[in-house]
Protein chains: 2
Amino acid sequence: MRRSELQTPALLVDETRFERNVGRMNARLARLRVPLRPHLKTVKNIELARRMLAGHPGGATVSTLAEADHFFDAGIDDLLYAVGIAPGKIEDVARRIGRGMNLTLVLDHPETARAVADAARRLDVPFRVLLEVDADGQRAGFRPDDPGLIESARRLERGGALPAGVMVHAGGSYACRDRAGLVEIAKQERDVAVAAAGALREAGFEAPVVSAGSTPTALFADDLAGVTEVRAGVYAFMDLVMAGLGVCEIDEIAVSVLTEVIGHRRAPGEVLIDAGWMALSRDRGTAGQAVDRGYGVVCDDAGRVLAPEVIVRATHQEHGLLARRDGEPLDLAGFPIGRRLRILPNHACATAGQFERMWWIDAGAASIEPLDRCRGW
Amino acid sequence: MRRSELQTPALLVDETRFERNVGRMNARLARLRVPLRPHLKTVKNIELARRMLAGHPGGATVSTLAEADHFFDAGIDDLLYAVGIAPGKIEDVARRIGRGMNLTLVLDHPETARAVADAARRLDVPFRVLLEVDADGQRAGFRPDDPGLIESARRLERGGALPAGVMVHAGGSYACRDRAGLVEIAKQERDVAVAAAGALREAGFEAPVVSAGSTPTALFADDLAGVTEVRAGVYAFMDLVMAGLGVCEIDEIAVSVLTEVIGHRRAPGEVLIDAGWMALSRDRGTAGQAVDRGYGVVCDDAGRVLAPEVIVRATHQEHGLLARRDGEPLDLAGFPIGRRLRILPNHACATAGQFERMWWIDAGAASIEPLDRCRGW
């Protein structure tokens, strides 16, 4: 299909930018001598997953059991399900392990460890588990000195499950303001992970796995000694939040939403498009950054930013409103009815999550190819 | 299936509340003597659509061509596509009309009218069109005295298309603060629609259709004289934004997300759940209301609000964080690992839009039934 035949709104992925972003992460991790376990919650597609996995050991990270099934069915069998396991999902996990999926769980509470240990005993399944550790007080995880960490490992082991090490994710890296902050939080993430693994080893556990990461910490870490694998996902697409953090440039963002001009608001000088929050998502990740980019930055049909001031100011379910950040009216003559534009998103995971299909823009080809995405839970 | 067997997160619809909400709208419109053309973008499901259509003429409103296909295939053939038509979609529309779909378009710009007229001539398809009118300066539409309104109707007619009347949606009703404001904006919506239809009739057009509405204006209008059909969709589910407007009570919200406790944050006294923004959506519609309810209000597994202060404070892709609005710690003993809860959403359309399937909780049955949802564009 040609891009001009695509019905709007549509999610586009630019091959040249995608490959450059993947290459950048690979080069960085090669210097740090740590392999990648890519997080596939961003791309949710097997062909892009294979490009991210090339040159790495082959294990991947997922955020839902639906993703685990999707990628397992396509041949990726070493999968880390990186959300604290819900007791209600343990039997579902056991069934997957029974089908040959090498699925690793995470947990951060002794009561969850008890539930997993009980299930391991009852079902005779040696669940492999990483203990989640908290680097920045933002979300989940044991503090490295929490006695619950060792207690949980012991419970798992007694039940016949395998406490295989630790996992940490410094989500606080998304709130950094500069390069020094990113370097510092990457150090903190590594230090906490290594300390927790050390605590487990002192208590007699082997703890072979020390899994750490996020896109900002992976790209800005100075040293990852002691970390055995890095997890990152958004690096392949990048987005305006990453650009606002200084992790990438706006013209390195590989994902965009194709849309069409459907109306004008003459008085305020605004433009209506056929991409609302159903397509762009309600994510406003740049709202707390130095430059608030609304629901996204507007590009021409070839992906070139029109002007950094031109953003999607507001969204309704299927309508978006383009405006200038400074409140000056847009020159409506530049936005004729039917003009096609592309919107760069705040948060690639959230925007891509609104679509069941992406369209791959191959640098060398006139045509575009569909890429299906995994959905649901 | 029993509810206890559902994997979390899952979208639930409570039959008792749904039927009460539908009955309330029907009673209101019966008093106002105006039929309903329900907007199906909220439910996106044929069985719920049929319950909303019962007792009305049978026409419905959609926000995407995918919805139009979904409902047409299930036997609903009178469909209003209530988003300004993108020129790039006109040929797709023509194909649908060729298959027997009675699809009405809307537009609000003379250039769009020209594109539709040209296509009508070229393809010999008598597109049926409503001219969108602006009641509140929020989004799209001609002002009733805009000469472009008549000019567009003339262009359509000359091309062989049918300008069938006007459509108005007072989205500004979502920003009202009290009952008086809702009554006032409902009046404004009606007055603008009737004035625009009057302008068309003065210019010689029949303008049989005067389509108006939103859930708040439909429920609070005192008088809809001159309006020939009302459009509303969210009324069937209701949500926290509607409750914040005074349009419903919190315990009338029919839709919720089932989730499970997966962790505790002891220091701040917060609870981790397995529903993040991928399930709840990023919608923060109550953020601008008198009471900001975060990403949703927390209920027990039977749908009873725990306490109005207990909300989803923050979300990550697949994690939610429960906290109290007043910042006091939650009593974690009340949230054991594995406890199931339900979250009432800010915006029913946005949260439901994250799911491919809903689960219908029949008041009289122990089991639950799946309801598929239309997705995409």
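General remarks:
- Net charge dipole, chain A: roughly 240 debye, given to the nearest 20, about the Cα centre with Cβ charges of +1 for Lys and Arg and -1 for Asp and Glu.
- Sequence-distant residues sharing a close amide H with residue B:37 (under 5 Å, placed H): B:230, B:231, B:232
- Sequence of B:331, B:118 once ranked by neighbouring C-beta atoms within 10 Å, starting from the fewest: B:331, B:118
- Here the 3J(HN,Hα) profile of region B:33-43, calculated from phi with Karplus coefficients 6.51, -1.76 and 1.60 at θ = phi - 60°, is 6, 10, x, 9, 10, x, 8, 8, 5, 7, 7 Hz, Gly and Pro shown as x.
- Region B:71-165 - charge dipole about Cα centre, Lys and Arg +1 at Cβ, Asp and Glu -1, debye rounded to 20: 360 debye
- Shielding by partners, peptide A:285-296 (average Cβ within 10 angstrom, other chains): 0
- The protein assembly as shown, dipole about Cα centre (Lys/Arg Cβ +1, Asp/Glu Cβ -1), debye to the nearest 20: 420 debye
- In the protein assembly as shown, taking the dipole from charged Cβ atoms about the Cα centre, the farthest positive-side position among A:264, A:172, B:254 is held by B:254.
- Under 5 Å from the amide H of residue B:306 lie the amide H atoms of B:298, B:299, B:300, each residue being 5 or more positions distant or on a separate chain, with H modelled from the backbone and absent for Pro and chain starts.
- Put the Cα centre of region A:217-290 next to the Cα centre of region A:9-55 and the gap is 16 Å.
- Distances between placed amide hydrogens fall under 5 Å for residue A:129 paired with A:105, A:162, A:164, all partners being 5 or more residues away or on another chain.
- Short-range pairs are left out: with C-alpha atoms under 8 Å and at least six residues apart, the relative contact order of chain A is 19 percent.
- Here the Karplus relation 6.51 cos²θ - 1.76 cosθ + 1.60, evaluated at θ = phi - 60°, turns the backbone of region B:77-87 into coupling constants of 10, 9, 10, 9, 8, 8, 10, x, 5, 7, x Hz, with x for every Gly and Pro.
- Neighbour counting of Cβ atoms within 10 Å sorts the residues B:168, A:62, fewest neighbours leading, into A:62, B:168.
- Distance (nanometres) between label positions extended 7 Å along Cα→Cβ at residue B:367 and residue A:184: 5.9 nm
- Taking B:339, A:231, B:20 and counting other C-beta atoms within 10 Å, the order from fewest to most: B:20, B:339, A:231
- Set of aspartates and glutamates near residue A:89 by C-alpha distance (under 13 Å), chain-local residues within fewer than 8 positions excluded: B:5, B:260, B:274
- Given charges at Cβ of Lys, Arg, Asp, Glu: region B:15-237 dipole, positive-most of B:236, B:186, B:214: B:236
- Full extension of the chain between residue A:328 and residue A:91 gives 79.6 nm of extra length, using 0.36 nm per residue less the Cα-Cα distance.
- Per-residue average of Cβ from other chains inside 10 Å of A:4-11: 3
- Across region B:16-39, the residues whose backbone nitrogen lies under 20 Å from the label position 7 Å along the beta-carbon direction of residue B:223 are B:28-35.
- Tail beyond 49 Å, pair distance distribution of the protein assembly as shown (Cα, percent): 17 percent
- Extending 7 Å from Cα along the Cβ direction at residue A:267 and again at residue B:206 yields two label points whose distance is 3.3 nm.
- Ordering A:319, A:358, A:296 by Cα displacement along the dipole of region A:250-372 toward the positive end leaves A:319 in first place; charges were set at the Cβ atoms of Lys, Arg (+1) and Asp, Glu (-1).
- In the protein assembly as shown, helices alone account for a calculated mean residue ellipticity at 222 nm of -9000 deg cm²/dmol, with every DSSP H run of four or more residues adding -39,500 (n - 2.57).
- Karplus-based coupling profile of region B:217-228, in residue order and whole Hz: 6, 4, 7, 10, 5, 8, 7, 10, 4, x, 8, 9, with θ = phi - 60° in 6.51 cos²θ - 1.76 cosθ + 1.60 and x standing for Gly or Pro.
- Partner chain coverage, peptide A:267-278 - average Cβ within 10 angstrom: 4
- Gain upon complete extension [residue A:301, residue A:33; 0.36 nm per residue less C-alpha separation]: 92.5 nm
Computed from the coordinates by the stated procedures, all read-outs in this text should not be read as laboratory data. From a predicted model like this one, the values you see are computed outputs, not experimental measurements. Note that each Cβ is placed from the backbone with ideal geometry, even for glycine, and that neighbours are counted across all protein chains shown.
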